[in-house]
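Taking it in order: structure first as structure tokens, then the write-up.
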Amino acid sequence: MNVQTIETFKQGAQTALEFSARQLRKLITQHPDYFPLYTVKGKWKHDSEAWTNWCEGFLGGMLWILYRHTKDAWWQERAEHYSQLIEHRKTDRNVHDLGFLFMPTWKAWYDLTGLEAKNQVVIDAGKTLGLRFQPKGRYLRSFVSQDSIFIDIMMNVGIIFYAAQQTKDASLLQIAVDHCLTTRRFLVRGDGSTSHEGLLNVETGEFLRQTTHQGWRNDSSWARGQTWAIYGFTTAYQFTQDARLLETAQRCADFYIERTPPHGVPPNDWEEPNPSQPYESSAAAVAAAGLLELSQTVTEPSKADFYRKYAFVILDTLLGPEFLANETSGWEGILKHGIYHERKKLGVDESVMWGEYFFLSALDKALRLA
Ligand code: GLY
């Protein structure tokens with residue numbers, strides 16, 4: 001990137017962060033202590049179904065990012081408050097999403113303050129997630145059932161690696177490694193595409209078949225799952241230095257890049273013929289954040305450059321008026337054209353909380369690199 005392009009990017013990112021701060025200030029003052037998942041017609045407050053409770057860390061996570069950028073004590077106080085609201089979830093055994101809840105919030109809090117009590121909350125959550133491990137089959141079970149493994153769990157297993165590292169617990173580390181290798185074997189295909197879900201025989205651990213909930217069909221490639229894999233395998237490699245995990249992250253990244261239009265935003269599923277919606281912007285936001293991480297992790301300079309440039313292409317697209325909602329009157333979210341669950345018709349062509357969080361997180365990483 002030349003100096004002028006970098007300056008244009010920085011200005012765009014700054015505008016987006018200021019717009020995000022206005023939107024989030026409105027959300028938390030108009031609807032105090034409310035944790036939305038997705039908008040309906042651009043509005044956060046509604047009674048539509050959640051399907052599962054996995055998003056309560058993203059709001060606090062964004063507040064921590066805004067505090068770091070502004071150093072404004074109001075954001076810090078709100079970030080602490082929204083983190084405290086979810087502390088009890090550190091023992092939640094009903095979801096596989098404790099990484100999504102605690103890494104953007106309590107881990108961010110610990111990183112900023114060095115307070116050991118905050119770190120302990122993250123460690124406790126990581127240990128709780130480890131309790132989902134199924135020794136037969138060697139995987140962390142999804143929230144759906146004991147026989148189910150989700151690609152999404154790759155984005156949560158990082159908190160187990162972290163807890164194992166902090167406590168020097170070798171058996172907890174082995175759980176995380178085993179889950180990653182099982183996912184690599186059964187959910188990542190030879191061409192680098194991924195399956196959303198796998199089903200196993202709980203008595204024997206035998207792998208039975210690939211399935212999906214949020215993708216188009218069982219043998220297809222759900223875009224957001226792909227991005228959980230890119231980012232999750234990169235994180236797993238950072239903790240282990242196991243070359244198989246980095247190779248998997250790169251294979252998943254290369255599939256995303258090969259199959260996505262040049263603007264960098266995929267549909268909900270690459271295999272869906274004539275997709276009803278052209279864009280799934282939250283997948284693009286996660287991909288941008290994951291690819292920036294991958295670009296800092298790979299050893300070959302040409303590959304690092306390739307992934308970093310592609311992440312900036314995605315962010316340039318998301319900063320434009322088609323996606324950034326700053327010119328869309330009455331829209332309460334930050335990023336338009338996200339999709340939660342197309343089959344269930346939940347949050348289709350809306351703003352989604354994780355899309356907002358990973359967009360801000362990617363901008364934050366990109367600004368540090370720029
Ligand atoms: N359940 C996680 C996701 O929708 O990506």
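Please determine whether any residue of the range 166-180 is within 16 Å of the ligand (Cβ to nearest atom), modelled with pLDDT of 95 or more and not aliphatic (A, V, I, L, M).
At the first step, the residues of the range 166-180 found to be within 16 Å of the ligand (Cβ to nearest atom) are none.
No: zero hits.
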Next on the checklist: I need the full set of residues from the range 1-35 which are over 24 Å from ALA73 (Cα atoms) and not in a helix (DSSP H, G or I), in order please.
Outcome noted: MET1, ASN2
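Go through ASP305, ASP254 for me and flag whichever is of a type outside the set (Lys, Arg) and either without any contact (Cβ under 8 Å) to a residue 12 or more places away in the chain or at positive phi (or both). Even if it seems obvious, please write down each step before you answer.
On the way: ASP254 fails: either without any contact (Cβ under 8 Å) to a residue 12 or more places away in the chain or at positive phi (or both).
Among ASP305, ASP254, only ASP305 is of a type outside the set (Lys, Arg) and either without any contact (Cβ under 8 Å) to a residue 12 or more places away in the chain or at positive phi (or both).
Residues checked against (1) free of Cβ contacts under 8 Å to residues at least 24 places away in the same chain; (2) surrounded by 21 or more Cβ atoms within 10 Å (Cβ to Cβ); (3) under 30 Å from GLN296 (Cα atoms):
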position	(1), (2), (3)
TRP331	no, no, no
LEU346	no, no, no
TYR357	no, yes, yes
ASP364	no, no, yes
ALA370	no, no, yes
Checklist outcome for this item: With the first residue restricted to the range 111-130 and required to be farther than 15 Å from ILE175 by Cα, and the second required to be surrounded by fewer than 23 Cβ atoms within 10 Å (Cβ to Cβ) and acidic (Asp, Glu), Cβ contacts under 9 Å at 6 or more apart or on different chains are LYS118/ASP111; VAL121/GLU87
Item to check | Subset of the range 181-197 (residues that are β-branched (Val, Ile, Thr) and away from the ligand (no atom under 16 Å from the Cβ)) | outcome: THR182, VAL188
Checklist entry - Just one of the numbered conditions (1) surrounded by 23 or more Cβ atoms within 10 Å (Cβ to Cβ); (2) part of a helix (DSSP H, G or I); (3) of a type outside the set (A, V, I, L, M) is not true of GLY198; which one? => result (2)
Item to check | Residue under evaluation LYS45, criteria (1) assigned to a loop (DSSP other than H, G, I, E, B); (2) closer than 25 Å to LEU129 by Cα, criterion not met | outcome: (2)
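Here is a check on your reading of the model: is GLY205 modelled with pLDDT of 95 or more and within 16 Å of the ligand (Cβ to nearest atom)? Steps first, answer last, please.
Numbers: modelled with pLDDT of 95 or more: yes; within 16 Å of the ligand (Cβ to nearest atom): no.
The answer is no for GLY205.
Of the residues GLU116, GLU49, which is over 23 Å from GLY198 (Cβ atoms), within 14 Å of the ligand (Cβ to nearest atom) and surrounded by fewer than 16 Cβ atoms within 10 Å (Cβ to Cβ)?
Values: GLU116 fails: within 14 Å of the ligand (Cβ to nearest atom).
Unique residue meeting the criteria: GLU49.
Per-residue answers, yes or no, for (1) under 29 Å from LEU173 (Cα atoms); (2) β-branched (Val, Ile, Thr):
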residue	(1), (2)
ARG244	yes, no
ILE257	no, yes
SER276	no, no
GLU293	yes, no
PHE312	no, no
ILE339	no, yes
Checklist entry - Can you find even one residue in the range 345-359 that is away from the ligand (no atom under 11 Å from the Cβ), under 16 Å from SER48 (Cβ atoms) and either among the basic types (Lys, Arg) or modelled with pLDDT under 95 (or both)? => result yes
Checklist entry - Out of all the residues in the range 217-232, is one or more in a loop (DSSP other than H, G, I, E, B), among the polar types (S, T, N, Q), within 16 Å of the ligand (Cβ to nearest atom) and more than 25 Å from MET103 (Cα to Cα)? => result yes
Item to check | Tally of residues being among the small types (Gly, Ala, Ser), crowded, with 23+ Cβ neighbours inside 10 Å and over 18 Å from GLY137 (Cβ atoms) across the range 159-191 | outcome: 2
Checklist entry - Which residue out of ALA311, ALA362 is under 13 Å from the mean Cα position of the chain (by Cα) and under 22 Å from ASN156 (Cα atoms)? => result ALA362
Item to check | Members of the range 212-245 that are in contact with an Asp or Glu (Cβ under 8 Å, 6 or more places away or on another chain), in contact (Cβ under 8 Å) with a residue 60 or more places away in the chain and among the hydroxyl-bearing types (Ser, Thr, Tyr) | outcome: TYR231, THR234, THR235
Checklist outcome for this item: Across the range 278-312, the tally of residues that are touching a helix residue (DSSP H, G or I) at 6+ places or on another chain (Cβ under 9 Å) and within 16 Å of the ligand (Cβ to nearest atom) stands at 11
Checklist entry - Picking from PHE100, PHE150, PHE143, which residue would you name as being surrounded by fewer than 22 Cβ atoms within 10 Å (Cβ to Cβ) and either over 25 Å from SER361 (Cα atoms) or within 16 Å of the ligand (Cβ to nearest atom) (or both)? => result PHE143
Next on the checklist: Considering only the range 244-258, I want to know if a residue exists there that is polar (S, T, N, Q), under 19 Å from ARG184 (Cα atoms) and either part of a strand (DSSP E or B) or within 19 Å of the chain's Cα centre (by Cα) (or both).
Outcome noted: yes
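The values are calculated or read from the model by the stated rules, or taken from the named source; none is laboratory data. From a predicted model like this one, the values you see are computed outputs, not experimental measurements. Neighbour counts are summed over all protein chains in view; Cβ atoms, including those assigned to glycine, are modelled from backbone coordinates with ideal geometry.
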